[in-house]
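Scroll down for the structure; my scribbles are underneath it.
The values are calculated or read from the model by the stated rules, or taken from the named source; none is laboratory data. Predicted model only: the values in this text are computed from it and were never measured. Using ideal geometry, Cβ is built from the backbone for each residue, glycine included, and neighbour counts are taken over all protein chains shown.
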């Protein structure tokens, strides 16, 4: 069914499973007035893996051999298995490749304006990205002057759709790429999407408050009310078995009782009110509904069933939801390898008023209408033109026909055979109409339901209860009021309210002599001239300015910062953006609050000279500060001691004369250098420990029980003899050469010479 081509070469077909034509998760997205997209993953086995070039290769999707979408690769990436993940955009996006230079388009129709845009686009791009203007059914007889100023062509097309509605469609015929601009949805699909048949699921993108399974319909306001303080309205009780409610039984069964009140204040007949209520429940409440649904396109099961296409109108029926109406197909998401899982998006922008206001035209209003100038140039021209047309010598033929039921129809035509006439009047029981295309369409009609359809209406005084209009314009194109969007456009002139108290001139300047602004003031860009004063309220957003001036016009900025002369605060508060906790605050009385750490750099000083010792009971800050000072003083002494020790260690390390590249342990052919050496035995002819400064020591420790015992010390001090201390865990020790004993060997504890031979010892016996 579906196949994908790259520059005319088939790289995927859902019928064949060949490795060189394999793609993963191909998904085609078609959307109203949008380029659409194709997403797919291309394995390295695919024949096009090395040939597809981003922004160059043309990618197309065909259904049953007929192209339904075409475009180019916009971006790509690679997944874990080195497959190419491609994102492709549709042909409509080619209009992003050109810009429109500064130009003025005055006195053009919609079609002429589009022709100019496409002509400029085609002059700048290759033949494979050019367009021909196709059907244009969006018409505006008073099309305004348009200006272009280096915008992308696509931006201008989107702006056109935003203003006039309609649908942009790319269409190919015999290899020629056409751009259509259609006012209405072009086709109605004969297939029906129905719950229980092919409707799988749907989601309402809709304000749920608008949905109801039952309503209380109210008509016009009654003159009398059973409760004096309350208004009374026409209801349907008299024609609805005594019930105020009108409901959808199946919807109530599935979704419960969801009720709201709907008012038609121009209805005075209960029977008419009941019919309007039923119509509302069955159809009207879905006018603003947008559906995202899963449905089985029955065309996949039966080729004789018409396939669902983009911009088709298709009937959607879901009895459990009370839904039965036509919806336009505005978006399709088609998994090409599983088309049965196609996602449909349906909905339109139809706005239906559920209430109407029966305004009474007052005598004062009629008087104002009567006082309007009668000889307005537009009306005068229309009257003169109508007179000339009616008095113009012409020929015409009257034909009366009768159908099989005996009903007569009168035709007035410009040729004798009315079936071959291009100009034709038709009059029967259904109404009166005029056609200039042989009866295909009637530009002027008065129908039996009281409707008047006319492309142009010229009148002097128009009196009506309600005037419904899409657009109001003046003949010169200076003034327009789009009632659908609420947009008022005035190229020149001004808006004056309250005798000049509030005015807007043609340059867009806003003037207000007095008054109060309440609400939100938002400005995308531009300039405010004058003073902006706000009594109360919150400002949300970003204030950005090149400079800030004081009341005398002097700059308050010093580079990118406020000058200190202008920073005058009654207090300051800094909060944590994530938690909202106050991290730093200075009150208007000078009280400082800090929740966090204080870091002071080199050279920082805290001066406590101005802190008074008065009334410490109520001023504990002084004592705390004094304690902090003492602690800081102790820390300074410890730091100086550590510095001295570090300096001696540096000198010791420097005396060892280790190479500059040595930072810890060095093992050479004849020596080992390390801050710590762990081992069992040392062998050698010499074992030297050389003090690196004016003092040094050698210490020996050994384990004793659960602690380390200091057993031997050999110490050296410059200018004094070395001395040795030998310690025993039993409490005895030997000291040799201590400075306070003058080099005497001193024994502490019990000395046993019973096993020794002692010589030269004088015991006082002469021996």
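Working only within the range 696-718, note down all residues that are part of a loop (DSSP other than H, G, I, E, B) and farther than 21 Å from residue 645 by Cβ. Listed by number, the residues that qualify are 705, 706.
At least 3 residues that are over 27 Å from residue 174 (Cβ atoms), touching a strand residue (DSSP E or B) at 6+ places or on another chain (Cβ under 9 Å) and in the same structural domain as residue 169 (by TED's automatic domain parsing) in each: list the strands (runs of 3 or more DSSP E) lying fully within the range 1-93 that qualify.
none
Scanning the range 704-725 for residues being in contact with a strand residue (DSSP E or B) (Cβ under 8 Å, 6 or more places away or on another chain), loosely packed, with under 15 Cβ neighbours inside 10 Å and at pLDDT 80 or above gives a total of 4. Which one of these does residue 692 not meet: (1) at pLDDT 75 or above; (2) closer than 25 Å to residue 644 by Cβ? Condition not satisfied by residue 692: (1). Just one of the listed residues (87, 113, 150) is closer than 21 Å to residue 54 by Cβ and either at pLDDT below 95 or surrounded by fewer than 17 Cβ atoms within 10 Å (Cβ to Cβ) (or both), and it is 87. Taking the range 215-251 as the range and being closer than 30 Å to residue 343 by Cα and modelled with pLDDT of 80 or more as the test, the residues that pass are 248, 249. The residues of the range 588-645 that are at positive phi and modelled with pLDDT under 75 amount to a single one, 615.
Of the strands (runs of 3 or more DSSP E) lying entirely inside the range 436-529, those containing at least 1 residues that are under 30 Å from residue 415 (Cβ atoms) and at pLDDT 70 or above span 444-447, 452-454.
Matching residues to (1) within 24 Å of residue 344 (Cβ to Cβ); (2) loosely packed, with under 12 Cβ neighbours inside 10 Å; (3) without any contact (Cβ under 8 Å) to a residue 24 or more places away in the chain:
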{"position": "13", "(1), (2), (3)": "no, no, yes"}
{"position": "16", "(1), (2), (3)": "no, yes, yes"}
{"position": "33", "(1), (2), (3)": "yes, no, no"}
{"position": "54", "(1), (2), (3)": "no, no, yes"}
{"position": "77", "(1), (2), (3)": "no, yes, yes"}
